[in-house]
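Structure, as structure tokens:
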Amino acid sequence: MAENLGESSLAPSHDDEHDDEHGPTGPEYEFAVHARAYWSESGVHVTPDQTWLIEAEGAWTDWTNTCGPEGYAAPKLKLFESLRRRPAEAWFALIASIGHDDPAPVAVGQRLLFRPARAGSLAFYANDIPAMYWNNRDRLIVRLRSVVSFTGSTGGASV
Ligand SMILES: [Ca+2]
């Protein structure tokens, strides 16, 4: 069926092979990202020639603050923001990292079209202060779906 993937970007008439928004899809993965885990491994190896749709749902809790994958704002914690693993992202934003030394991990939010900047194993975490994972609880469900990348075209897919 791999041949159909290549053809269908040129032949949109293959409607039965298309997802409604993103074209034919490849493998899908679903796993939990626990708020208390410093790393949650997806077990998925990504490469720069791929495009993935990452979707997250559910709620997790940082002490008394419950939020979704987009995280939460806390003006009272302003002084501590620079201590977060990703200082510029919200508290408890779901972060995707390629390996554990990714120079540019990204905030996922509820939905992200993700084009890996390098090859590696995809891992996730809640954006928190490294020493403050002990008061975290609950987990999100994250789905990872390979989508067809229209390589070479100038109009990127969007969500
Ligand atoms: Ca915490």
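The values are calculated or read from the model by the stated rules, or taken from the named source; none is laboratory data. Just so it is clear, the structure is predicted and the values come from calculations on it, not from any experiment. Note that each Cβ is placed from the backbone with ideal geometry, even for glycine, and that neighbours are counted across all protein chains shown.
A few comments on the model shown:
- Considering the conditions (1) in a loop (DSSP other than H, G, I, E, B); (2) more than 17 Å from T51 (Cα to Cα), E81 is excluded by exactly one of them, (1).
- Test: residue in region 12-24 that is at pLDDT 95 or above and among the polar types (S, T, N, Q): no
- Flag for S82 being over 15 Å from I141 (Cβ atoms) and free of Cβ contacts under 8 Å to residues at least 40 places away in the same chain: yes
- Filtered residues of region 121-132 (kept if near the ligand (Cβ under 6 Å from one of its atoms) and not aliphatic (A, V, I, L, M)): D128
- Considering region 25-65, and only residues there that are within 12 Å of the ligand (Cβ to nearest atom) and polar (S, T, N, Q), the residue that is farthest from the chain's Cα centre (by Cα) turns out to be T64.
- Enumeration of residues in region 114-135 that are out of contact with any Ser or Thr (no Cβ under 8 Å at 6 or more places or on another chain), touching a residue at least 60 places away in the same chain (Cβ under 8 Å), assigned to a loop (DSSP other than H, G, I, E, B) and surrounded by 15 or more Cβ atoms within 10 Å (Cβ to Cβ): D128, Y133
- Flag if R111 is within 14 Å of I129 (Cβ to Cβ), at pLDDT 95 or above, among the charged types (D, E, K, R) and surrounded by 13 or more Cβ atoms within 10 Å (Cβ to Cβ): no
- Answer residue from region 84-100, given it is more than 16 Å from the ligand (Cβ to nearest atom) and in a loop (DSSP other than H, G, I, E, B) and is farthest from the chain's Cα centre (by Cα) among those: A88
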